[in-house]
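To start, the structure itself, in structure tokens.
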Amino acid sequence: MAKKSKKAKNKMPLAYKPVGFVLGWTSGTLAGMAFQKTWKVIRHEDNAPDALDRDRRWGEILLAAAIQGAIFAVVRSAVDRAGAKAIERSTGSWPVPDDGGRD
């Protein structure tokens, strides 16, 4: 019985991959929306600067990149954690091996 349980546990990361993909896509979309709203509040502009915007200064571009990166990391972590907890509640096992997470 313990052997079967271990085998099922080893297959969980593979079964989680499609769920993880959807969660990743969702977190990227949510992070993009959150960044747009945040930038509008900070700079009162609809569009954040892009690295190739000729008329933007270095400071604006780097500030936008830093804010976008921070928001993306927080949203991705929150969505990943919520998804993993939901999988654990429904299956009884954590979706990734015990030796660490994604990275």
Point to revise | Any chance Ala51 is under 22 Å from the mean Cα position of the chain (by Cα) and either over 30 Å from Leu14 (Cβ atoms) or not in a helix (DSSP H, G or I) (or both) | key: no
Exercise for review: Please work out which residue is surrounded by the most Cβ atoms within 10 Å (Cβ to Cβ), limiting yourself to the stretch 77-98 and to residues that are touching a helix residue (DSSP H, G or I) at 6+ places or on another chain (Cβ under 8 Å) and hydroxyl-bearing (Ser, Thr, Tyr).
Suggested key: Ser93
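What number of residues in the stretch 52-76 are open to solvent by 90 Å² or more (accessible area, probe 1.4 Å) and closer than 28 Å to Gly24 by Cβ? Can you show your working first?
The initial filter retains those residues of the stretch 52-76 that are open to solvent by 90 Å² or more (accessible area, probe 1.4 Å), namely 52, 54-55, 57-58, 62, 68, 74.
Now restrict to residues that are closer than 28 Å to Gly24 by Cβ: 52, 62, 68, 74.
The total comes to 4.
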Point to revise | Single residue of Gly69, Gly28 found to be out of contact with any helix residue (DSSP H, G or I) (no Cβ under 8 Å at 6 or more places or on another chain) and either in a helix (DSSP H, G or I) or among the basic types (Lys, Arg) (or both) | key: Gly69
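The values are calculated or read from the model by the stated rules, or taken from the named source; none is laboratory data. The structure displayed is predicted, hence computed values, not measured ones. A quick note on method: Cβ atoms are made from the backbone with ideal geometry, for glycine too, and the neighbour counts reach across all protein chains shown. Quick note on the areas: whole protein, heavy atoms, side chains included, nothing else; ligands and nucleic acids left out. Shrake-Rupley method; radii C 1.70, N 1.55, O 1.52, S 1.80 Å.
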